[in-house]
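Below: the structure, in structure tokens.
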């Protein structure tokens, strides 16, 4: 029984990563720097509402106990509705003072919050374990997504096998976008026929709609996802 319960809970590295991220209310997701998303727990349009701690607690439970989205949703929705954080509402942007009609809570948004936090926490935990065994398994191989709809560029990276500490993994260690389900596998050496050449970045400019900052984002990666949550975890625990 103890073994079964252990299997049902997340590894300590996963929980540790989640717990070390401080909460930060925000109005727009892009007002928080992309890399800071890996270092902080933030949900857009929670500024001015007393809901971020509730969302964090529910998300932590989902991460630790590996509960399904349906349970996460059913436990959280009534609380968010009772606090007025649901549906479309006119709210004041704390940065500009402008009044805008925005979407607060919704089933789609909760699904994104759940998926993004589960995947990044698991990825950060996996990275910690990858680092521990890299002396005997010094390579990582990019694996195909289990999603029905696969991004063409992500498919082109499948089989790419590079050293664990290659700079490519600083930006391309999955997940590499919203709902990205790509994975990696540790290897002692590249398998026969594997690509051992770093794929081109083909970075394109992306302008932050809130700050006006323009920066380069690698092709195939959603803005805000061009970072390695595992490396962020290393910074949090250092």
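The values are calculated or read from the model by the stated rules, or taken from the named source; none is laboratory data. A quick note: this is a predicted structure, and the numbers were derived from the prediction, not measured. Positions of Cβ are backbone-derived with ideal geometry, glycine not excepted, and every protein chain shown enters the neighbour counts.
Side notes on the structure shown:
- Evaluation of residue 67 against (1) under 18 Å from residue 115 (Cα atoms); (2) modelled with pLDDT under 90 (one fails), failing number: (2)
- Lone unmet requirement of (1) within 19 Å of residue 231 (Cα to Cα); (2) without any contact (Cβ under 8 Å) to a residue 40 or more places away in the chain for residue 146: (1)
- Enumeration of residues in segment 192-230 that are buried (at least 17 other Cβ atoms within 10 Å of the Cβ) and on the phi > 0 side of the Ramachandran plot: 220, 224
- Just so you know, in segment 29-47 the residues that are in a loop (DSSP other than H, G, I, E, B) and at pLDDT 80 or above include one that is surrounded by the most Cβ atoms within 10 Å (Cβ to Cβ), and it is 43.
- Residue match in segment 120-127 (condition: surrounded by 13 or more Cβ atoms within 10 Å (Cβ to Cβ) and within 24 Å of residue 210 (Cβ to Cβ)): yes
- Here no strands (runs of 3 or more DSSP E) wholly within segment 145-212 include at least 3 residues being touching a strand residue (DSSP E or B) at 6+ places or on another chain (Cβ under 8 Å) and modelled with pLDDT under 90.
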